[in-house]
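Everything on this sheet refers to the single structure shown next.
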Amino acid sequence: MRPGGRIFAAEFANQVESVTGYRLDSDTWSFERWQIVPGTLLVNRQRQTIRFSVTALGTDPPEPFQVVLREAPYGWVLKADCMEEPSVEYAVRVFESQGAVLFVFSGKVNQVYILIETLG
């Protein structure tokens, strides 16, 4: 992971093209694919947060929930309404490539992957 806000400077200097998420549940051997709700993406460089709402594809009716990724002094954290403890920040690992950042949460039962791709 790059130190101190460099993800914001390098990766999010361009416009975000897409946000896709997946949640794998090892208890039920199932997974969900999340799609961003249009118009909900908010990148706050000052607070170093990325906030957006997503819906799980295939749910009827789709229930949107909010996800917040934040760069803390000790690394990136994830907070989401769909998690077991929605107010808790969970540590995530960050993988970077040119034009994309992958955030990964590994819990006892759930694995969450959030891929953010940028233009250019």
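The values are calculated or read from the model by the stated rules, or taken from the named source; none is laboratory data. What you are looking at is a predicted structure, and each value in this text was computed from that prediction instead of being measured. Cβ sites come from the backbone with ideal geometry, for glycine too, and all protein chains shown count toward neighbours.
Among the criteria (1) among the hydrophobic types (A, V, I, L, M, F, W, C); (2) surrounded by fewer than 18 Cβ atoms within 10 Å (Cβ to Cβ); (3) at pLDDT below 90; (4) out of contact with any Ser or Thr (no Cβ under 8 Å at 6 or more places or on another chain), the one Val94 does not fulfil is (3). Among residues of the range 63-84 that are surrounded by 19 or more Cβ atoms within 10 Å (Cβ to Cβ) and assigned to a strand (DSSP E or B), those with a beta-carbon under 8 Å from a residue that is at pLDDT below 90 and of a type in the set (S, T, N, Q) at least six positions away or on a different chain give the pairs Leu69/Thr49; Glu71/Gln48; Glu71/Thr49. Residue selection: Glu117 fails the criterion of being out of contact with any strand residue (DSSP E or B) (no Cβ under 7 Å at 6 or more places or on another chain), assigned to a strand (DSSP E or B) and touching a residue at least 24 places away in the same chain (Cβ under 8 Å). Scanning the range 42-62 for residues that are in a strand (DSSP E or B), over 25 Å from Asp27 (Cβ atoms) and either among the charged types (D, E, K, R) or touching a residue at least 24 places away in the same chain (Cβ under 8 Å) (or both) gives Val43, Ile50, Arg51, Phe52.
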